[in-house]
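Down below is the structure, laid out as structure tokens.
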Amino acid sequence: RRVNWGYCNSLNVGEALAALINLLCCNPEFQTPSAPELPPDTPRIQLRLAGDKRKHNEGRVEVFYDGEWGTVCDDDFSIHSAQVVCRELGYLEAVSWFPSSKYGKGEGRIWFDNVQCNGKEKTLALCTSNGIGVSDCKHTEDVGVVCSDKRIPGFKFINSMANNSLNIQVEDVRIRAILSSYRKRVPVTEGYVEVKDGGKWKQICDVEWTKHNSRVICGMFGFPGERKYNARVYKMFARRRKPSYWDYSVNCTGNEAHVSSCKLGHAMAAKANSTCGGGTPVVVSCVPGRAFSPTSMTGFRKAFKQEQTLVRLRGGAIVGEGRVEVLKNGEWGTICDDNWSLLSATVVCRELGFGSAKEALSGGRLGQGMGPVHMNEIECSGFEKSITECFFNKESLGCSHEEDAAVRCNVPAMGFQERLRLSGGRNPNEGRVEVLVERNGSQAWGTVCSDGWGTIEAMVVCRQLDLGFASNAFQETWYWPGEVSADPVVMSGVRCSGTEMSLSQCLHHGAHLTCPKGGGRNAAGVSCSETAPDLVLNPQIVEQTTYMEDRPMFMLQCAYEENCLSTTSSETPANSYRRLLRFSSQIHNNGQSDFRPKAERHSWVWHDCHSHYHSMEVFTHYDLLSLNGTKVAEGHKASFCLEDTDCEEGIEKRYECANFGEQGITVGCWDTYRHDIDCQWIDITDIKPGDYIFQVVINPNYEVPESDYSNNFMKCRCRYDGHRIWMYSCHNGKAMVHQPLVERQFYIIHAVLLRCSTTLLDLKDNSTRK
């Protein structure tokens, strides 16, 4: 629109091209967005986000003026003022703002008070206020903002202050592998640290570089620590290829979760001398966590040294996120979110072999835990090896699981998403699973055989594609519209344990495919969801309600019809008794979405004896085991009706079995099966006196997806003397015997033994030849 094409037509090609280049280079509308030009009398300020923040794009608003950092008062502050702040920092827009020192109280002067902006100002200094430095506020009124994750495209931060924060996002920084031995490794753990500036990647001069800087860079890219490297090789490389240095230097303290929290200064050595004042480009060498080691054979030796962890993550959809749980006095408990910050979250992430924290979540965002709340008001320096070393308030009580803290950690880029895709679904979150494999020297897409395909395998697919949790696993996908674009089946016999980061890490048949159904429209499919339920049994209720009852056989006809008694009951006369171990079970939904039965309502089964519909034929297993894990008695594989018996305060019941009502368990509610209802027992008529293990497994066949299956098991110690029974030490934990799990483990062990025996034969052959 701006070019006079008639004028250009009168010129030769060279002159016309020169005119166009001049327009693109010199017209402000075509230049890279950067800090705006301001009127001469505008106070020169610089902004940063500080305080107890959970993400790098939020925090207390701090202003650098007259050589001193200060804050902004919340009086008259609005979303329009937050918009100005965020855009001045290079973010696309403001999401929200918080008064009353939400991110902690600042220090120093309060530079702005009664700030009123219309949202279009180029800097906070142009907004109406009492005047810079004029304020009657206290630091309890410091304002904070939350900016969007997205940056202004092409925004270039201009450093006009001597001491400043670096405001760049992780996409503006990279570790570029230089040595051939590292170029093909995934993830990239060693190479030049490069910053994108003006569309070009530039190196950083290492004259002012410190180990603390390397620690922060490694943390951003998902690595828990840094290590030494061969500097001589990189010096030789730098002599051969002239580097292009960045204009700034980075100064980190080492406990920052993101490089945007470090200080930025002029790199005088790089400006004064193209040779970096005798230095070379910055190189970092990062230590990966065990799960991300470059090779399986040497991974444990080269990986981050991790002791027996006292911390774990639960309820997260992908690797590196979840509710933080701590082991104390032999019992797992949660952390209260009071004072929960990005700094404390980073300690957790590094302890578990990940990088720094991307986000510190509060308010039970990733589900509520069970048991005690072990820690509250945590304060970390950032250099602790474990969150248990941080200071916390041992006397602070009153936290509930609604305040459970969680984290999202930086994890290394493994490239898993590029080797898997969904096709044919009604939306991007569902479809046939297609895998990228090498065939005849080239890469091709193919489908996955659906034989044995289940919820656990679907969970791995959704995790690999960063789509959350699996909501369904499909063994038939012929009804989805569209043509099948993929090649035939390229993967069969897939069996996952549920902890894998990619489908290729699951056991499968390899090159010898076996799939009677074929692929295409009968291939495996999934649908994914951002949230999932999480069922947890209350062990204290079981322990408190257990008792023994001798019940006449003529009163157990309904239970007999539903196979709730042992097989020997068929020989029991009507006037004889069966001895029953009875107990109550209270099953909570601590997840982020309602637990609904897999079967649709039209397929529910009516049971005349109990006069209600059964929506799940297999919901719970009750087992009595010997001390060596052998099953000696079992309860009915409970086909219960699901409903909300009671809920947390403020949550309404949604599901009720009566009158063919909808079945399920609402988030924050629980379903209680009282000890005095049919089939809420184990038939122990034939059991000898002794010590046993009592075990309950919820959702044993993984029919309904959950965010965490590890807490579906409950175990108790049990003593029976022939006349009385005691239940004690009940706790949630892994099952001793669980048939689907045993089958999976046998499959895995069998495959591993085959691989080991093949390897040993190869080694024997090699030694013979030698």
statement: Scanning the range 579-602 residue by residue, the ones that are assigned to a strand (DSSP E or B) and either polar (S, T, N, Q) or open to solvent by 10 Å² or more (accessible area, probe 1.4 Å) (or both) total 5
query: What single numbered condition from (1) assigned to a strand (DSSP E or B); (2) open to solvent by 40 Å² or more (accessible area, probe 1.4 Å); (3) within 26 Å of S471 (Cβ to Cβ) fails to hold for W606?
result: (3)
query: Right, R426: part of a loop (DSSP other than H, G, I, E, B), of a type in the set (D, E, K, R) and over 30 Å from V216 (Cα atoms) or not?
result: yes
task: Please state which one of S249, S260 is part of a helix (DSSP H, G or I) and closer than 30 Å to E384 by Cβ.
output: S260
statement: Residue pairs within 9 Å by beta carbon, gap of at least six or interchain, first lying in the range 596-614 and closer than 12 Å to C657 by Cα and of a type in the set (A, V, I, L, M, F, W, C), second open to solvent by 60 Å² or more (accessible area, probe 1.4 Å) and not in a strand (DSSP E or B), listed first then second, are W604/F660
message: Report every pair of residues separated by at least 6 positions or lying on different chains whose Cβ atoms are under 8 Å apart, first residue within the range 54-78 and assigned to a loop (DSSP other than H, G, I, E, B), second open to solvent by 10 Å² or more (accessible area, probe 1.4 Å) and β-branched (V, I, T).
response: K55/V146; N57/V146
- line: Apart from one, (1) modelled with pLDDT under 80; (2) charged (D, E, K, R); (3) under 32 Å from the mean Cα position of the chain (by Cα) all hold for D594; the odd one out is (1)
message: Regarding the range 283-291, can at least one residue be identified that is more than 19 Å from the chain's Cα centre (by Cα), assigned to a loop (DSSP other than H, G, I, E, B) and at pLDDT 85 or above?
response: no
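Here is a yes/no grid of residues against (1) at pLDDT below 85; (2) closer than 19 Å to F223 by Cα:
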{"residue": "C147", "(1), (2)": "no, no"}
{"residue": "R151", "(1), (2)": "yes, no"}
{"residue": "L179", "(1), (2)": "no, no"}
{"residue": "K184", "(1), (2)": "yes, yes"}
{"residue": "P187", "(1), (2)": "no, yes"}
{"residue": "V207", "(1), (2)": "no, no"}
field: Number of the exception - V448 against (1) among the aliphatic types (A, V, I, L, M); (2) over 30 Å from G355 (Cβ atoms); (3) open to solvent by 10 Å² or more (accessible area, probe 1.4 Å)
entry: (3)
message: Quick check on the range 430-445. Is at least one of its residues surrounded by 15 or more Cβ atoms within 10 Å (Cβ to Cβ) and part of a loop (DSSP other than H, G, I, E, B)?
response: no
- prompt: Failed condition for W453, given (1) open to solvent by 30 Å² or more (accessible area, probe 1.4 Å); (2) outside the structural domain of V324 (by the TED database), with all others met?
  reply: (1)
message: I'd like the full set of residues that are over 18 Å from G355 (Cβ atoms), in contact with a Pro (Cβ under 6 Å, 6 or more places away or on another chain) and either among the hydrophobic types (A, V, I, L, M, F, W, C) or open to solvent by 50 Å² or more (accessible area, probe 1.4 Å) (or both), limited to the range 178-231.
response: none
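The values are calculated or read from the model by the stated rules, or taken from the named source; none is laboratory data. These numbers come from a predicted model, not from an experiment. Here the Cβ is made from the backbone with ideal geometry for all residues, glycine too, and neighbour counts use every protein chain on show. Remember, those area values only see protein heavy atoms, side chains included, never the ligands or the DNA or RNA. Shrake-Rupley method; radii C 1.70, N 1.55, O 1.52, S 1.80 Å.
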